[in-house]
Amino acid sequence: MDERLLIPANGEAQRELSAVLPIDWNRHAPLASYSTFSVSDSPLREYLRVLQKRKWVTISSLLLIFGAVLIATLRSTPVYDAVGSIAINKTDPMMLNLKDSGAAVEYYDPTDLDTEVRILKSDLLALQVIRQLNLDKPPAGNGGNASGSVGLTGDAVQADAERTSAALANFKGHLQVALVPNTRIIEIHYRSPDRNIAARVVNNLANTYVEQNFKTRFESTMQASDWLSRQLVDLQMKVETSQEKLVKYQKEHEILGIDEKQNITTAKLDELNRQLTSAESVRMEKESVYRLLENGDSDSPADLGGPAVSAAPTSTLLERLREQDADLKIQIAQLSTQFGPAYPKLAQLNGQLKEIEAQVQLELRKTVARARGDYMAALQRENMLHAALQKQKQEANELNESAIEYSLLKRDVDTNRTLYEGLLEKLKEAGVTAGLRSNNFRIVDVARVPTAPAEPNIPRNLAFALALGLTTGIGLAFIMEGIDNTVRTPEQAQMISGLPSLGMIPHGSRSTEPGARARLALASSREAVELVTQSRPKSQMAESYRALRTSLLLSSSGGPPKVILITSALPQEGKTTTSINSAIVLAQKGMRVLLIDADLRRPSIHKTLGMGHKAGLSNVLTGSAKLQQAITASTVLPSLFVLPGGTLPPNPAELLASASMKQLLDELREQYDHIVVDTPPTLSVTDAVVMSTSADRVVLVIRSGQTTKQALRRARDILLSVNAKVCGVLLNAVDLTSPDYYYYYEYQSKYGSRYYAEESSEAAASEGA
């Protein structure tokens, strides 16, 4: 059989482990071609089956957890939760810089709000609130000692560190401070069994926080103001000292101007330079006029033009003499032409002309002398200005050398004055800021006394208990199902062993009527279940054995098997009951059936059938009794014969493995149609294993919910390792009320209920009789 054909009932493919010894599945197993497919349900139906099967585990877990939570909730002390909120606004610019408040740059640090949350949780604020509300004092009338009633005063940490730590831990354990997402609001929660205490703690903490913040800001401002005052005194002294140095240096170096642009020396140098330039220009003009006049290049100074020739009367006289000279020359030329050179008036006019020319020359010499005087005066002025300029340049150079130190002193004075004025302004602002009672922390919501307790939240706790109990119960159900290592269904037995399932034997009869079910249960308790096929032939159990009979008779294609060996993996799995009822249902067909009790260690068939102790199989094998003497006809059916176990031998395995046993079976094959052999458990002793090789078919009986998977695999491997002809597995003591057989319920309720109605009626009638 291909191992890949093994499919579990839950729909998940699983490969069965191979046997320890190599096994030829097709060699001695006529039903080896039997397919071990199991029709698997949907996962949801499988889960519902597990929950229905373990419903009491789930219900018990649910009730236990729900009840425990309910009791704990009802017995818990009510706790009240008071809530208040504080808004942290952005810092007021006036608090930072009054002058530049309009141009202040808006800056936001995300860690600021987290810092304030940590401050609200600080030990300092907690101790202040504890002292204000006397939270560290025990309640009145508690019988505490006197020391326990003393409040935390002064340095509480040093006074009683252990008690302070306990008070802080208790306070913080009930305090919760959280930042509301996407806002600048901090919520404060405090829980206490006393609703008034809860509200008072929140309000006191908020007020203390706001007041502490303002106090810290005020003290910081005042400290800054004191520091500025001290710095101003020093700066004032520096300004005065630097100013005195500047004035002294200015006096020593005769620096009279306020700055270099208004300095007298510099202004005088500029003025001399300008005048020298003008004097040089005048001197060059007068020199040019003088040279022209001296060289006689001009007949009249007026011809030179400009300011070179003075507008003095002499110049006017010279011009008038020149005009008279010209008129006389014209008259002389006219009279000489008209009257001739001898004309007497010409001599008079020539005399006048000579006189006038003499006067003109005299006037010209005066003009040249005057021009020379002007030139020499201009030259002298220029020389004087040039000398003065050189002297002033020397003074300016000396001034420049002194200006370096002067500039340093002046810059020092300006710097100290500017710093002094700035600090003075800051001091004034600090004084104004300290007087302003402005704060960016404000209380938004005042904590009100809570009207209803926050804990215990009975609906929430019960809902949580219900969910937890249900989850735990379901988890335990699946855990128990997972760790359940027993075989419960024919599908599981077929899948694990790889052998065909011959059927299942129910644990008890099942009726569709509640009253009939109770009566049948009472009746079955008074009867031996080993004889159920004879005592109640119409019961479900009897029908299951008849189904087993059909499977055994059809297990071989060459004909029905004669020697049928029935064994189990472990004791107390119902192999003896199966052997007896199998022999009975075979005998009910009218065939000669021999039931052999081969369990020579603990024989029990003779006790079940009401037979006394007599010789049996062990006596026959040892030769102490004959076969015909040991076989006894059963009182149950005339065609059923029994070969009991006989006397307990010291070596049962050797007897069953002897040649005598094989000869005995060969002899009995000729006398009976079927031989049912009851053997000990396979895993306990080797009796069944040594006899299995002589049987035509071997039935492996397991008990539902008791036989483990490992035991079934081991029993299968042992039997197949000796080439036993195992025809299949029979599942015994099946609880049909288990959810594992819900599909059986469906078919039974639809198709099989009428077949057992008659049995219910008969059982009721017998009980009434």
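State, to one decimal in nm, how far the label point of Asp735 lies from the label point of Thr415, with both points 7 Å from Cα in the Cβ direction.
So the two model labels end up 10.1 nm from each other.
Going 7 Å from the Cα of Leu70 toward and past its Cβ, which residues in segment 468-490 have a backbone nitrogen under 18 Å from where you end up?
Counting backbone N atoms under 18 Å from the label point, the list is 468-473.
Please list, in order along segment 688-698, the HN-Hα scalar couplings obtained from phi with the Karplus expression 6.51 cos²θ - 1.76 cosθ + 1.60 (θ = phi - 60°), rounded to whole Hz, x for Gly and Pro.
Going residue by residue, I get 5, 5, 6, 8, 5, 6, 8, 8, 6, 9, 10 Hz, with x marking Gly and Pro.
So, taking all protein chains as they sit and a 1.4 Å probe, how much accessible area belongs to Val689, in Å² rounded to tens?
Per-residue accessible area (Val689): approximately 20 Å².
Assuming R0 = 45 Å, what is the FRET efficiency of Gln334 and Met376, from their Cβ-Cβ distance, to the nearest 0.05?
Here the calculated transfer efficiency is 0.50.
Measure up Lys53/Lys538; Lys251/Lys410; Lys562/Lys626; Lys251/Lys391; Lys268/Lys391; Lys55/Lys709 against 19 Å on the Cα-Cα distance and list the ones that go over.
Lys53/Lys538; Lys562/Lys626; Lys251/Lys391; Lys55/Lys709
Beta carbons within 10 angstrom, averaged per residue: use that to sort the peptides 186-195, 561-570, highest first.
Top of the packing list down: 561-570, 186-195.
By how many nm would the segment from His386 to Arg602 lengthen if fully extended, with 0.36 nm per residue of separation less the alpha-carbon distance?
Once the chain is fully extended between His386 and Arg602, it gains 62.0 nm.
Could you give the nm distance between label points at Glu654 and Ile185, where each point is 7 Å from its Cα heading toward the beta carbon?
The modelled label-to-label distance comes out at 9.8 nm.
For Ala569, enumerate residues with amide H under 5 Å from its amide H, sequence gap 5+ or separate chain, H modeled in the peptide plane.
Sorted by chain and number, the residues that satisfy this are Thr682, Val701.
List every residue whose amide H lies under 5 Å from the amide H of Glu455, counting only residues 5 or more places away in sequence or on a different chain, with H placed 1.01 Å from N in the peptide plane.
The answer is Val79.
Efficiency by 1/(1 + (r/R0)^6): what FRET value for Gln361 and Arg291, r their Cβ-Cβ distance, R0 = 25 Å, to the nearest 0.05?
In this case the efficiency is close to 0.85.
Of Ile71, Ile675, which has the most accessible area and how do the rest follow, probe 1.4 Å?
Ile71, Ile675
So if R0 is 41 Å, what FRET efficiency would Ala166 and Gln223 give, r being the distance between their Cβ atoms, rounded to the nearest 0.05?
Working from the Cβ atoms, E equals 0.70.
Once phi is turned into θ = phi - 60°, what whole-Hz ³J(HN,Hα) does the Karplus curve with 6.51, -1.76 and 1.60 give for every residue of segment 323-340, x standing for Gly and Pro?
5, 5, 4, 5, 5, 4, 5, 6, 5, 4, 5, 5, 5, 5, 6, 7, 10, x
Explain nothing, just compute: Karplus ³J(HN,Hα) = 6.51 cos²θ - 1.76 cosθ + 1.60, θ = phi - 60°, for every residue of segment 547-560 in order, whole Hz, x for Gly and Pro.
Rounded to whole hertz, the list is 5, 5, 4, 4, 5, 6, 5, 9, 6, 10, 6, x, x, x.
The values are calculated or read from the model by the stated rules, or taken from the named source; none is laboratory data. Here the structure is a predicted model, which is why all the values come from computation and not from measurement. We place every Cβ from the backbone using ideal geometry, glycine too, and count neighbours over all the protein chains shown. Each accessible area value is taken on the protein alone, full model and side chains, heavy atoms only, with ligands, DNA and RNA left out. Shrake-Rupley method; radii C 1.70, N 1.55, O 1.52, S 1.80 Å.
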